[in-house]
1. Has the stretch 156-166 got at least one residue that is open to solvent by 50 Å² or more (accessible area, probe 1.4 Å) and either part of a helix (DSSP H, G or I) or in contact (Cβ under 8 Å) with a residue 60 or more places away in the chain (or both)?
2. Looking only at residues in the stretch 62-86 that are touching a strand residue (DSSP E or B) at 6+ places or on another chain (Cβ under 7 Å) and surrounded by 24 or more Cβ atoms within 10 Å (Cβ to Cβ), which one is nearest to residue 143 (Cα to Cα)?
3. Among the β-branched types (Val, Ile, Thr), touching a Lys or Arg at 6+ places or on another chain (Cβ under 9 Å) and more than 14 Å from residue 68 (Cα to Cα): is that true of residue 166 in this structure?
4. Pairs only if they're at least six apart or on different chains, beta carbon under 7 angstrom, first in the stretch 4-16 and farther than 16 Å from residue 144 by Cα and assigned to a loop (DSSP other than H, G, I, E, B), second among the charged types (D, E, K, R) and at pLDDT 95 or above; list them, first residue then second.
5. Of all residues in the stretch 38-61, count the ones that are more than 12 Å from the chain's Cα centre (by Cα), buried (at least 20 other Cβ atoms within 10 Å of the Cβ) and not in a helix (DSSP H, G or I).
6. Scan the stretch 105-130 for residues that are assigned to a helix (DSSP H, G or I) and either acidic (Asp, Glu) or open to solvent by 30 Å² or more (accessible area, probe 1.4 Å) (or both) and jot them down.
7. Identify all residues within the stretch 62-104 that are closer than 20 Å to residue 166 by Cα and either outside any helix (DSSP H, G or I) or touching a Ser or Thr at 6+ places or on another chain (Cβ under 7 Å) (or both); write none if there are none.
8. Looking only at residues in the stretch 22-37 that are buried (at least 21 other Cβ atoms within 10 Å of the Cβ) and of a type outside the set (Val, Ile, Thr), which one is nearest to residue 140 (Cα to Cα)?
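The values are calculated or read from the model by the stated rules, or taken from the named source; none is laboratory data. All of these numbers come straight from a predicted model, not from anything done at the bench. Here the Cβ positions follow ideal geometry from the backbone for every residue, glycine too, while neighbour counts run over all protein chains shown. Each accessible area value is taken on the protein alone, full model and side chains, heavy atoms only, with ligands, DNA and RNA left out. Shrake-Rupley method; radii C 1.70, N 1.55, O 1.52, S 1.80 Å.
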Amino acid sequence: MTKLLEPGALPDIVLGKADAPVTIVEYASMTCPHCANFHENTLPAIKSKYIDTGKARLIVREFPFDPRAEAGFMLARCSKDNYYAMVDVLFKQQRNWASVQNAKEALLQISRLAGFSQESFEACLTDQKLLDDVRAVQKRGAEEFKVDSTPTFFINGNTYKGALTVEEMSAIIDGML
């Protein structure tokens, strides 16, 4: 767990209290339907039951499988304090941008709702250092923690692969409290 929480190329953005007894690290791809399913159907209940009550905290890490997923994560990172709100919207709207012909235009429309201008959108997506850092997070996940699919969760250091249900994740977390 200590190695898992060591700083990587990008700083972890934590949802929840820093001193929560349970830490959930999720490696996700913005274009992964199973990740979107988790964020839409499981995370809201986990958030209200564990994260909002101080029992758990969540860290989402970038594990993009394709350039569109990279772009989604870059936009989330560029949205600064709205990182989790942007991740949430991109997962909810995944069908509207991940597989459409003109993904850039679809992402621009979503990004405008988050306050991006055409210029800030372009600046974000052409930030080579940010792209390199997103790829470095993915590479570290694969090499150091053997992540090979999404979502992959590390809950207090134990590995769980696949989109866990509310019941499955609750059982794991309850066993650690």
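1. Filtering the stretch 156-166 down to residues open to solvent by 50 Å² or more (accessible area, probe 1.4 Å) leaves 156, 158-161, 165.
Narrowing further to those that are either part of a helix (DSSP H, G or I) or in contact (Cβ under 8 Å) with a residue 60 or more places away in the chain (or both): 156, 165.
Yes, there is a match, as at least one residue in the stretch 156-166 is open to solvent by 50 Å² or more (accessible area, probe 1.4 Å) and either part of a helix (DSSP H, G or I) or in contact (Cβ under 8 Å) with a residue 60 or more places away in the chain (or both).
2. 63
3. Details: among the β-branched types (Val, Ile, Thr): yes; touching a Lys or Arg at 6+ places or on another chain (Cβ under 9 Å): yes; more than 14 Å from residue 68 (Cα to Cα): yes.
In short, yes.
4. Going by the 7 Å Cβ cut-off, the qualifying pairs are 16/57.
5. Adding up the residues that qualify gives 2.
6. Those that are assigned to a helix (DSSP H, G or I) and either acidic (Asp, Glu) or open to solvent by 30 Å² or more (accessible area, probe 1.4 Å) (or both): 105, 109, 112, 113, 118, 119, 120, 122, 123, 125, 128, 129.
7. Listed by number, the list is empty, since nothing qualifies.
8. 27
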